[in-house]
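The block underneath contains the structure these notes are about, expressed in structure tokens.
The values are calculated or read from the model by the stated rules, or taken from the named source; none is laboratory data. Remember, it's a predicted structure, so these values are computed and weren't measured experimentally. Cβ atoms come from the backbone with ideal geometry, glycine included; neighbour counts cover every protein chain shown.
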Amino acid sequence: MNFTSVPIIVVCCYIIGEIYKVLFKKHEEAYKLIPIIMAIVGGLFGILIYLTNKEIIFNVDNIWTALLIGIVSGTSSTGTNQIIKQLFNKGEKEND
């Protein structure tokens with residue numbers, strides 16, 4: 001099995017999420033939509049990878065499994081963002 005598709009989707013969704021935050025910097029209430037948007041984008045990436053090269057997305061047999069892997073990978077980019085955010089905020093609080 002090849003696991004390269006999951007990190008690719010996570011990194012792409014993380015970058016798209018950061019771009020989204022820059023575009024809507026003045027509208028912080030729009031940040032609530034980021035997990036939903038990342039789930040949708042991740043699902044689309046999962047389907048795209050499945051249609052272009054089925055072997056790199058866990059050797060799935062159907063498009064629905066690829067969609068679910070993409071959704072999970074996309075939403076995990078939100079968790080990755082929170083881990084990075086907490087690590088950097090914790091270091092700043094200790095210095096105060």
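Filter the stretch 46-70 down to residues that are among the aliphatic types (A, V, I, L, M), more than 12 Å from residue 10 (Cβ to Cβ) and surrounded by 16 or more Cβ atoms within 10 Å (Cβ to Cβ), then give me how many there are.
As a first pass, look at the stretch 46-70 and keep what is among the aliphatic types (A, V, I, L, M): 47-49, 51, 56-57, 60, 63, 66-69.
Next, from what is left, pick out any that are more than 12 Å from residue 10 (Cβ to Cβ): 47-49, 51, 56-57, 60, 63, 66-68.
Then drop every residue that is not surrounded by 16 or more Cβ atoms within 10 Å (Cβ to Cβ), which leaves 47, 49, 56-57, 60, 66-67.
Number satisfying all stated conditions: 7.
I'm trying to understand the selection: among the residues of the stretch 1-55, which are basic (Lys, Arg) and either touching a residue at least 60 places away in the same chain (Cβ under 8 Å) or part of a loop (DSSP other than H, G, I, E, B) (or both)? Hits for the stretch 1-55 are 25, 26. Among the residues of the stretch 22-45, the ones that are at pLDDT 90 or above, surrounded by 14 or more Cβ atoms within 10 Å (Cβ to Cβ) and more than 24 Å from residue 57 (Cβ to Cβ) come to 1 in all.
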